[in-house]
Every structure is written in structure tokens, then in C-alpha cells.
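Right, one structure below, let's go through it.
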Amino acid sequence: MHILNQLTINKGIHLTMNMRLYVGNLPFSTAEEGLQNIFAEYGKVKSVTVMKDRDTQRSRGFGFVEFESGDVEGAKHNINGFELDGRILKVNDARQRRSPAFLHQLPA
């Protein structure tokens, strides 16, 4: 999954911008479509995922928004602290998912 967008400025200096955001403290009733509508004001949203419990399919209270283009920093700054259904959203750059430690211990 490619979540970074690279920009080249003058003579080969690269700036890397995270195009994927973590959204925490979501109300359990939040649907992906609703989350997309909130972030769409800041650019073209590529994908939205609200993480759900495997057994109950109930929201786990966090998700991810990936932008194709747009003002990702503006979205992060303005939506962080936004109140949605009585809950204050936390918005940060998404981090690359690390593989579980036990996978590194398997024989080749």
C-alpha cells in the first residue's frame, strides 16, 4: 500500500508527504461514507476504512482516510479536535503497519 507522495523541490531534494491519516476516537456509529464526507472538503479522498471488530462487525472506534490529492495537512489540522456525535476526533499521520514479531522468527 503506497501512502506517501514525494515532491521534488530544486536540485533533487525530496519532501515526503503522508497521504494517509489515522482518525481516532470515532463514535461507534460512524460509517465510512460519513467519514469520507467530512474529509472530502479538503481534497480527493481515495479510500476510507473504519476498522471493525472481526466477530461483531462493530466499529473499533478508529479508521483511516487516504487522499489521492488535496490539502492533507489542512485536513489533519482542522479535523483534529472536531466534535462528531459528542466525541472529539484525533487525527494524525498514519504510520506504516509493522509486521507481527512472530513472523520474523519463522524459519526460512
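Please list 35-43, 90-98 highest first by mean number of surrounding beta-carbon atoms within 10 Å per residue.
Taking the mean over residues of other Cβ atoms within 10 Å, the ranking is 35-43, 90-98.
Just add up the charged neighbours of Ala75: K/R +1, D/E -1, any other residue whose Cβ is under 14 Å from the Cβ of Ala75.
So the environment of Ala75 carries a net charge of -1.
Computed from the coordinates by the stated procedures, all read-outs in this text should not be read as laboratory data. Computed from a predicted model, the values in this text were never measured in an experiment. Ideal geometry is used to build each Cβ from the backbone, glycine not excepted, and the neighbour counts take in all protein chains shown.
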